[in-house]
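Undergrad: Before I ask anything, here is the structure I am working with.
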Amino acid sequence: MSLAPDNSELLARARGDLRMGLPTVLNDGLDSALIASAETLDAERLADLRKLNSASVLAITARRAETLKARPYDGDLARILIPAESDINWIRSVADPATDMDFPMKGPFASERNGGAELHRVGINIAKSARLLPAVLVIPIREGAAFAERHGLTALNAGQTANSLDSATDMRAVANSRLPLEVSEAGRVHVFRPVDGGEEHYAVEIGQPAREKPLLARLHSACFTGDLIGSLKCDCGHQLRRALSLIGGEGAGVLLYLNQEGRGIGLANKMRAYSLQNQGFDTVEANHRLGFEDDERDFRIGAVILKQMGFSSVRLITNNPAKISMMERNGISVTARVPIIVGQSIHNRDYMAVKARKSGHLL
């Protein structure tokens with residue numbers, strides 16, 4: 001019997017460590033490195049880390065590198081050499097675009113082009129999964145496992161971690177209860193908890209939908225600003241209420257409420273993106289300046305939950321073809337698309353246009 005955590009459980013621990021400013025250790029065969037979040041690292045710990053190895057670099061995504069005019073020799077990322085005289089403010093200014101417009105000439109930046117970048121890539125993806133800015137300090141070390149044990153740090157196998165981050169997360173149904181709703185008194189809410197320790201997701205089931213027939217369903221990504229406080233910058237709240245109304249009107253169906261705020265980048269990064277939009281960038285451009293892709297959501301979560309609930313085909317309430325293709329690729333047949341065009345106003349007119357033009361939404 002072993003009480004030790006497996007790599008998936010260690011990954012959950014590493015996310016928490018990075019969010020608190022602690023580094024974590026990545027091991028990949030003979031190579032080991034310390035990974036620290038550029039967003040949460042403080043000056044004191046940075047000074048200690050730099051004493052370990054002068055060959056540390058700041059790994060950023062190719063999207064962020066494009067903004068900074070840095071060379072992403074590794075394709076999807078750039079390994080930025082850190083000048084000896086740089087401090088924590090320099091690192092944060094590279095990672096965070098908040099001051100890009102005030103200080104546009106941040107470079108020139110020198111990028112590392114020799115050696116492998118797999119540990120850097122895994123580090124960035126862990127930061128993304130922790131809803132942090134996708135920028136990490138990477139410090140090569142020797143005997144990573146022994147180093148981690150000596151300093152009480154979390155140590156991860158890089159290959160196993162990459163596979164975990166790339167795989168659909170298994171879900172565990174943890175609780176459900178009847179809940180009368182405005183759209184139907186025959187409501188029931190199911191709570192699903194990812195086995196990797198991630199955020200919980202919810203299924204709002206109305207009526208008693210037949211498992212052998214196509215289910216009227218909506219995959220709705222959480223939107224604190226639109227769903228809860230009435231933001232006029234998006235159509236999310238309107239879509240949520242219309243989808244529930246459609247399902248309630250039919251008397252049976254499921255709305256999945258997936259905790260993937262801000263197209264999967266988290267609320268803090270979403271607010272950073274909004275700040276950039278206030279400077280004149282559109283939704284996609286703002287995400288890219290932060291270092292993210294257009295859409296970082298994982299709709300495989302929806303397929304996993306629907307299968308667990310016993311469904312294999314849906315009539316999907318969506319304007320987003322990506323949701324349809326993701327369902328189909330993950331074993332859920334989409335027999336029909338139900339459009340949901342609501343909530344357009346002068347405040348989100350440009351946002352809606354970008355969704356159609358750049359993200360392929362059918363509006």
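The values are calculated or read from the model by the stated rules, or taken from the named source; none is laboratory data. All values reported here derive from a predicted model rather than from experimental measurement. Glycine gets a Cβ as well: all are built from the backbone with ideal geometry, and neighbour counts include every protein chain shown. In case anyone asks, the SASA skips ligands and DNA or RNA and just uses the protein heavy atoms, side chains included. Shrake-Rupley method; radii C 1.70, N 1.55, O 1.52, S 1.80 Å.
Undergrad: Check Ala158 against each of (1) open to solvent by 50 Å² or more (accessible area, probe 1.4 Å); (2) under 22 Å from the mean Cα position of the chain (by Cα); (3) touching a residue at least 40 places away in the same chain (Cβ under 8 Å) and name the one condition it does not meet.
TA: (1)
Undergrad: Which residue is most open to solvent (accessible area, probe 1.4 Å), if the candidates are limited to the range 164-212 and must be touching a Pro at 6+ places or on another chain (Cβ under 9 Å) and part of a strand (DSSP E or B)?
TA: Checking each candidate, the answer is Arg172.
Undergrad: I've got another one for you. Mind listing whichever residues of the range 72-89 are open to solvent by less than 50 Å² (accessible area, probe 1.4 Å) and not in a loop (DSSP other than H, G, I, E, B)?
TA: Leu77, Ala78, Arg79, Ile80, Ile88
Undergrad: Look at the range 50-71 and say how many of its residues are open to solvent by 10 Å² or more (accessible area, probe 1.4 Å) and assigned to a helix (DSSP H, G or I).
TA: Count: 6.
Undergrad: Condition first: within 30 Å of Arg92 (Cα to Cα) and among the polar types (S, T, N, Q). Can you find one or more residues in the range 232-250 that meet it?
TA: no
For (1) surrounded by 23 or more Cβ atoms within 10 Å (Cβ to Cβ); (2) under 21 Å from the mean Cα position of the chain (by Cα), each residue gets a yes or a no:
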position	(1), (2)
Gly237	no, yes
Ser245	no, no
Leu256	yes, yes
Arg263	no, yes
Phe299	yes, yes
Gln308	no, no
Phe311	no, no
Thr318	yes, yes
Gly331	no, no
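Undergrad: Identify, by number, the condition in (1) within 20 Å of Ala268 (Cβ to Cβ); (2) assigned to a loop (DSSP other than H, G, I, E, B); (3) open to solvent by less than 60 Å² (accessible area, probe 1.4 Å); (4) of a type in the set (A, V, I, L, M, F, W, C) that Ile124 doesn't meet.
TA: Condition (2) is where Ile124 drops out.
Undergrad: Shifting gears a bit: From the residues in the range 14-42 that are crowded, with 18+ Cβ neighbours inside 10 Å and charged (D, E, K, R), which one is nearest to Glu149 (Cα to Cα)?
TA: Out of the qualifying residues, it is Asp17.
Undergrad: Take the residues in the range 277-287 that are buried (at least 22 other Cβ atoms within 10 Å of the Cβ) and in contact (Cβ under 8 Å) with a residue 40 or more places away in the chain; name whichever of them is farthest from Gly253 (Cα to Cα).
TA: Checked the range 277-287; the qualifying residue farthest from Gly253 (Cα to Cα) is Asn287.
Undergrad: Counting just the residues of the range 100-120 that are modelled with pLDDT under 90 and surrounded by 14 or more Cβ atoms within 10 Å (Cβ to Cβ), which one comes out nearest to Arg71 (Cα to Cα)?
TA: Lys106
Undergrad: Working only within the range 333-363, note down all residues that are closer than 13 Å to Asp235 by Cβ, open to solvent by less than 40 Å² (accessible area, probe 1.4 Å) and at pLDDT 90 or above.
TA: Ile340, Val342
Undergrad: Looking at this structure, is Pro97 touching a residue at least 24 places away in the same chain (Cβ under 8 Å), farther than 18 Å from Pro23 by Cβ, surrounded by 12 or more Cβ atoms within 10 Å (Cβ to Cβ) and touching a strand residue (DSSP E or B) at 6+ places or on another chain (Cβ under 7 Å)?
TA: no
Undergrad: Among the numbered conditions (1) touching a strand residue (DSSP E or B) at 6+ places or on another chain (Cβ under 6 Å); (2) among the small types (Gly, Ala, Ser); (3) on the phi > 0 side of the Ramachandran plot, tell me where Gly197 comes up short.
TA: Just one mismatch for Gly197, condition (1).
Undergrad: For residues that are part of a loop (DSSP other than H, G, I, E, B) and surrounded by fewer than 19 Cβ atoms within 10 Å (Cβ to Cβ), tally how many sit in the range 213-235. Can you show your working first?
TA: Residues of the range 213-235 that are part of a loop (DSSP other than H, G, I, E, B), as a first pass: 213-214, 222-223, 229-235.
Subset that is surrounded by fewer than 19 Cβ atoms within 10 Å (Cβ to Cβ): 213-214, 229-233.
Number of matching residues: 7.
Undergrad: Residues in the range 71-126 that are charged (D, E, K, R), more than 18 Å from Ala36 (Cα to Cα) and under 24 Å from the mean Cα position of the chain (by Cα): how many?
TA: Final tally of qualifying residues: 3.
Undergrad: As an exercise: evaluate Asn269 against (1) open to solvent by less than 30 Å² (accessible area, probe 1.4 Å); (2) touching a residue at least 40 places away in the same chain (Cβ under 8 Å); (3) closer than 24 Å to Ile317 by Cβ and give the number of the one condition it does not meet.
TA: (3)
Undergrad: If you scan the range 288-297, which residues turn out to be surrounded by fewer than 22 Cβ atoms within 10 Å (Cβ to Cβ) and under 16 Å from Ala127 (Cβ atoms)?
TA: Glu293, Glu296
Undergrad: Please find, among Cys234, Cys223, the residue that is of a type outside the set (Lys, Arg), at pLDDT below 95 and under 27 Å from Ile341 (Cα atoms). Even if it seems obvious, please write down each step before you answer.
TA: Numbers: Cys223 fails: at pLDDT below 95.
Unique residue meeting the criteria: Cys234.
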